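Taken together, the values in this text are just the output of simple stated rules run on the coordinates, not laboratory data. What you are looking at is a predicted structure, and each value in this text was computed from that prediction instead of being measured. Cβ sites come from the backbone with ideal geometry, for glycine too, and all protein chains shown count toward neighbours.
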Amino acid sequence: MTVSVRAKGPFSDQRAATILRRRKRAICWASVLAAAVAIPLAAAAPLPASDGAVAHPQLWPKAASPAAFTDAATEAKITALMARMSLEEKVGQTIQADINSIDPDDLRRYPLGALLAGGNSSPHGDNRAPASDWLELIRAFRAAAAEPRPGHVPIPLLFGIDAVHGHNKIKGATLFPHNVGLGAARDPELIGEIGRATAEEVSATGADWTFAPTVAVPRDVRWGRSYEGYAEEPDVVAAYAGPMTLGLQGPLRPGRPIAAGHVMGTAKHFLGDGGTKGGVDQGDAMIDEQTLIRLHAQGYPPAIDAGVLAVMASFSGWNGVKDTGNESLLTGVLKHRMGFKGFVVGDWNAHGQVAGCSTTDCPQALNAGLDMYMASDSWKGLYEHTLAEVRSGAIPMGRLDDAVRRILRVKFKAGLFGGPSPAAGHFERLGSAEHRAIARRAVRESLVLLKDNDRILPIRASAHVLVAGDGADDIGKQSGGWTLNWQGVGNKNSDFPHGQSIWSGVNEAVTAGGGHAELSVDGTYARKPDVAIVVFGENPYAEFQGDIETLEYSPGDGHDLALLKRLKAQGIPVVSVFLSGRPLWTNPQINASDAFVAAWLPGTEGGGVADVLIGSRSGAPRHDFRGRLSFSWPARADRNPGHPDEPSYAPQFAYGYGLSYAHRAKVGVLSEDPGLRSANLNLERFFVDGHAPSPWSLSASGAATVRAVDAGAQENARQATWSGQGGGVLAVTGGPADLRRQTNGDMALLMRYRVTTAPTGTVRLAVACGPDCGGGVDVTRLLTRSSTAAPLDWQTSKIRLSCFQGAGADMSRVSSPFLLSTTGALSVTISDLRLVPNEGDAVCPGDGGAGPVSSR
C-alpha cells in the first residue's frame with residue numbers, strides 16, 4: 001500500500017514545476033603526475049552570457065532594502081572616507097581571506113576588508129578551541145587592521161562564520177535542528193527566535209557576520225546540501241526568510257547600527273543552487289527563466305525587505321553560466337530590480353569557476369556585480385591581480401567604487417565603526433538555558449511521524465525501554481554536518497558540554513516516570529524490554545561530499561535493517577528514529593518497524609525527541625507530533641518522487657504528510673523493490689573492506705606483486721611487494737572521475753597501511769589522468785619513518801589532493817587516484833584508501849617533511 005497524502009493549509013499552494021528528469025552524472029575525476037601548469041591571466045572583460053542565461057529583470061519580483069539601511073549622513077561619511085583611501089585599500093576591501101591562510105602581520109601589508117573562519121578553520125587549528133580563543137584571535141586580527149600607520153586609513157574588519165544551525169563551530173554552543181527539520185515545523189515565529197539566539201552566541205565570540213539564512217529550494221535531494229534548505233517548495237522558504245533575517249540582525253533602525261547582540265546575515269546562494277541538474281553540488285540549473293523565478297527566487301524579496309545586509313552568490317550556474325559571473329542576475333536582478341543596497345559576496349573560491357578565471361585572477365566576477373571575493377586561500381594572488389586590473393582599466397574605477405561603497409555601508413550598519421561590540425565576551429550566552437529551550441522546542445516541532453500502526457507511541461514512561469542503534473548516544477551524528485568542523489566528523493559527546501543525546505533524553509524521561517531504560521548499540525539486552533527505540537541514519541556530511549547517486553539509504557549495508565528485524569523477530573515492538581539530512585528510500589526499514597519517525601538532524605537537544613516519544617506513566621502524550629514533510633518521501637530508490645502538481649508526482653509520503661496522536665492512519669506493507677541501482681556509487685572510496693568498489697580496481701604491475709592478507713578480518717587488506725629488480729607499480733584504476741570539487745574543498749587521500757620492508761629507493765605516490773598526465777609526491781620519508789614502528793602497528797596518513805594538483809594534476813579526469821611506484825625494494829600492506837576531509841592533519845609529504853603519521 002502506498003500512502004500519499006497531500007498537504008492542506010497555508011503552505012499547500014503548490015506550484016507546477018518543470019519535471020527534473022534524472023540524469024546519470026558524467027563524473028570525471030582529475031588527476032596527477034606531471035609538471036605544474038601555469039594559469040593564464042584572466043581576460044579583461046566578462047564573457048557574454050548565453051541566451052539561456054540572460055535574465056530579464058522586468059519579469060522578476062520587486063523588493064527593496066529598507067530606508068533605514070542607510071541615510072544621507074552615512075553616505076557622506078562613506079564619501080569622505082573613500083576620498084582618503086588609496087587604491088590598494090579600496091581593492092583590499094573587496095577581498096576576504098580565511099584565517100587558516102593569513103595571520104595578523106599580513107594585514108599590515110595587505111589591507112583586506114574581511115576574514116572568515118571556514119569549515120575546518122579555527123584558532124591554532126583546534127576545532128574544539130574554547131570561545132575565549134576565538135575572541136582573542138578575532139581581536140588580534142582587528143587590532144592589526146586598525147593600527148595607525150602613515151598613509152593608512154584604518155577600516156574595521158568584518159569577520160564571517162558559517163553559523164548555519166546555531167554557532168556550530170564553537171564548543172558549547174547551542175546547535176539547532178538543521179533547516180530540513182525546521183521546514184517540517186512550519187513555524188516562522190520559531191525561526192525568528194532561533195535567529196536571535198544564534199546571533200547572541202555568535203556575537204559573544206566577537207564575530208559579526210554569519211553566512212545565513214539559506215533560502216535555497218532543493219528540488220533533488222541527492223544534493224548534498226539538501227538539509228540546508230527548508231523545503232522543496234518556495235512557500236516555506238519565503239515564509240522563513242524574513243523572520244530569520246530579523247532574528248539575526250534585528251529590525252534596521254534609521255541612522256543607527258544594528259543592536260548589540262545581533263549580527264549581519266547573508267541570504268544565499270543566489271541563485272538556483274537547489275535546482276541543479278541531477279542534484280549535483282556546484283552544478284548547473286538547466287531551467288527556463290520563469291522556473292528560476294517561480295521556484296528559486298522567492299526567498300530573496302522577503303530577506304531583502306527585512307534588511308538583509310549581504311547576499312552570497314552561488315557556486316552553481318544557470319544554463320551554462322556560473323552565477324558568480326552573471327551580470328544579468330547579480331546586477332540587473334538583485335541590485336536593480338530587487339533594490340538590494342548591501343554587498344554581494346562570493347562563495348569559497350567560487351570566482352575561480354567563472355569562465356576565463358582562476359582563483360587568483362577574476363575581473364569578470366567583480367565586473368558582473370560581485371562586491372567581495374571569498375578568496376579563502378587565494379587572496380594574495382587575487383589582490384595583486386585585481387589591483388593591476390583596476391590600474392589597467394580592465395575593472396572600471398566606477399565598479400570598484402560601487403563595491404567599496406556597498407561594503408562600507410554595511411560596515412557602518414553593522415556597527416563596526418562604533419568600536420568593540422558590548423556583546424563580545426559574554427560567553428554565558430553560549431548554550432544558555434534559554435537557547436537550549438528554544439532548540440528543544442524546535443526538535444519537538446520538527447519530528448514527523450510516518451508510521452505508528454499499532455499505537456506503540458507514545459511509550460509509557462513506566463516501561464522498560466531498550467535504546468539501540470549507532471545514533472542513540474551520538475550527539476555528533478544527530479547534529480550532522482557543519483558541526484565543529486565542515487563535515488561534522490570525528491566528534492565525541494564530550495565535545496558538546498551542554499548537549500544531550502537522544503539516549504540521554506529518553507533515559508531521563510523514562511527514569512522520571514518510574515521506568516527503566518537500557519542502552520545497547522547492537523540491540524542486545526539483559527532483560528527483555530517492553531519496547532525498543534532504534535536510532536540510526538546517515539553519517540554526517542556537508543556540501544558535495546553528501547551528493548549521492550540514488551535515494552537508497554545505506555546501499556550495500558544492511559546492518560541497521562538486520563537489527564530492526566532481529567528485535568522484531570524477538571517479539572519486541574520497534575520504534576525507529578531515523579536521522580537524515582533528507583528523505584531517503586527506507587521502505588524495508590519502515591516495514592521492519594512498528595513506528596517510524598523522521599527526526600532529521602535535531603542538533604544538541606536530543607531530549608526533544610523524548611518529549612514526544614515518551615508519554616506519562618500511563619502513556620498519555622506529553623507533546624504531540626507537529627511536523628509535516630517539507631520534502632516528499634520517495635517511493636523508489638532510483639527516481640525522485642517529483643513535486644506536487646506535477647503529472648508524474650508519485651511519492652511514498654507526500655509533501656505535507658505527517659501523522660499525530662490526534663490524527664492517526666495505518667500504513668500498509670511497502671514495496672521493497674528499489675528499482676534500478678546505480679553502478680557508480682564509490683567515486684571517493686578506492687579500497688575498503690577488502691575490495692576496490694566499482695568503478696575502481698586494484699592491481700600491481702612490473703616488479704610489484706600484490707596478494708590478499710588478513711588484517712583483523714579475512715582477506716580485508718592487500719600486501720604489495722616490490723622486488724627491487726626494476727620499476728613496479730601498485731595502482732587503483734577506473735574512472736575517469738572529476739575531483740575538482742574535492743580538491744577545492746581541501747579533501748585528502750587517506751591511506752591506512754603498515755610497512756614490513758622499508759624502501760630501498762625513492763617511492764612516489766601519484767594521481768594519474770592518462771598515459772602522459774598526472775602529478776606525484778615523494779613519500780619515501782613517510783614510508784621509511786613508518787617502517788620503524790612495530791611490525792603490527794597500522795599507520796594512517798592523509799595527503800591533500802591539492803598536493804597532486806600542485807604537482808601538475810588535471811583534477812578533472814582522474815583515471816588513477818592512487819599510483820604507488822618505486823624501483824627499489826618495498827613491502828607495504830594497505831587496508832583502506834579513500835577521500836576524507838582535511839581536519840588540519842593532512843599534508844604534502846614533500847614540503848619539508850614526511851608529515852604526520854598516526855597509529856591506529
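Structure above, values below:
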| quantity | calculated |
| --- | --- |
| Whole-number percent relative contact order across the stretch 346-455, with pairs defined as alpha carbons under 8 Å at least 6 apart | 18 percent |
| Cβ-placed point charges (K, R +1; D, E -1), dipole of the stretch 114-190 about Cα centre in debye, nearest 20 | 120 debye |
| All-pairs alpha carbon distance profile, the stretch 275-423, 5 Å steps from 0, percent | 2, 9, 17, 21, 20, 15, 10, 5, 1, 0 |
| Spacing of the two label points (7 Å from each Cα toward its C-beta) at residue 453 and residue 153, in nm | 7.2 nm |
| Residue 58-residue 392 FRET efficiency (beta carbon distance; Förster radius 30 Å; 0.05 resolution) | 0.30 |
| Cα Rg over Rh - the stretch 335-377, Kirkwood | 1.01 |
| Residue-by-residue Karplus 3J(HN,Hα) for the stretch 327-337, coefficients 6.51, -1.76, 1.60, Hz, glycine and proline x | 5, 5, 7, 5, 9, x, 8, 5, 7, 8, 5 |
| Over the stretch 344-408: Rg over Rh, Cα atoms, Kirkwood Rh | 0.92 |
| 26 Å Cα-Cα reach of residue 77 towards lysines, excluding residues that sit fewer than 8 places from it in its own chain | 90, 335, 341, 411, 413 |
| Calculated FRET efficiency for the pair residue 648/residue 715, C-beta based, R₀ 51 Å, to 0.05 | 0.65 |
| Distance (nanometres) between label positions extended 7 Å along Cα→Cβ at residue 665 and residue 428 | 4.9 nm |
| Net charge of Cβ neighbours under 12 Å - reference residue 309; Lys, Arg +1; Asp, Glu -1 | +3 |
| Segment residue 260-residue 336, length gained on full extension (0.36 nm per residue, minus Cα span) | 24.3 nm |
| Amide H partners (placed H, <5 Å) of residue 343, local residues excluded | 311 |
| Relative contact order, percent, the chain [alpha-carbon distance under 8 Å, six or more residues apart] | 17 percent |
| Tensor-based shape of the stretch 751-811 (alpha-carbon gyration tensor, a/c under 1.5 rounded, otherwise prolate or oblate) | prolate |
| Antiparallel bridges, percent of DSSP beta bridges restricted to the chain (to nearest 5) | 60 percent |
| Nearest-0.05 FRET efficiency for residue 616 and residue 527, computed from C-beta distance (R0 25 Å) | 0.65 |
| Charge tally in the Cβ shell below 12 Å around residue 116, where Lys, Arg are +1 and Asp, Glu are -1, residue 116 excluded | -4 |
| Fully extended contour minus Cα-Cα distance, from residue 143 to residue 673, at 0.36 nm per residue | 184.6 nm |
| Kirkwood Rh, Cα atoms: Rg over Rh of the stretch 463-502 | 1.04 |
| The stretch 748-820: chymotrypsin sites (Phe, Trp or Tyr not before Pro) falling in loop per DSSP and having at most 13 other Cβ within 10 Å | none |
| log₁₀ of I(q)/I(0) at q = 0.11, 0.14, 0.16, 0.20 Å⁻¹ - the stretch 697-772, Debye sum with one point per alpha carbon | -0.38, -0.61, -0.78, -1.11 |
| Electrostatic dipole magnitude of the chain [Cβ: Lys, Arg +1; Asp, Glu -1; Cα centre; debye, to 20] | 680 debye |
| Selected from 278, 296, 247, residue furthest toward positive end of dipole (the stretch 212-299; charges at beta carbon) | 247 |
| Value of [θ]222 nm, deg cm²/dmol, for the chain, DSSP H segments ≥ 4, -39500 (n - 2.57) each, nearest 500 | -6500 deg cm²/dmol |
| Value in Å of the Kirkwood radius, where the chain supplies the Cα pairs that are averaged | 27.9 Å |
| Dipole-positive endmost among 610, 352, 537 within the chain (Cβ charges, Cα centre) | 610 |
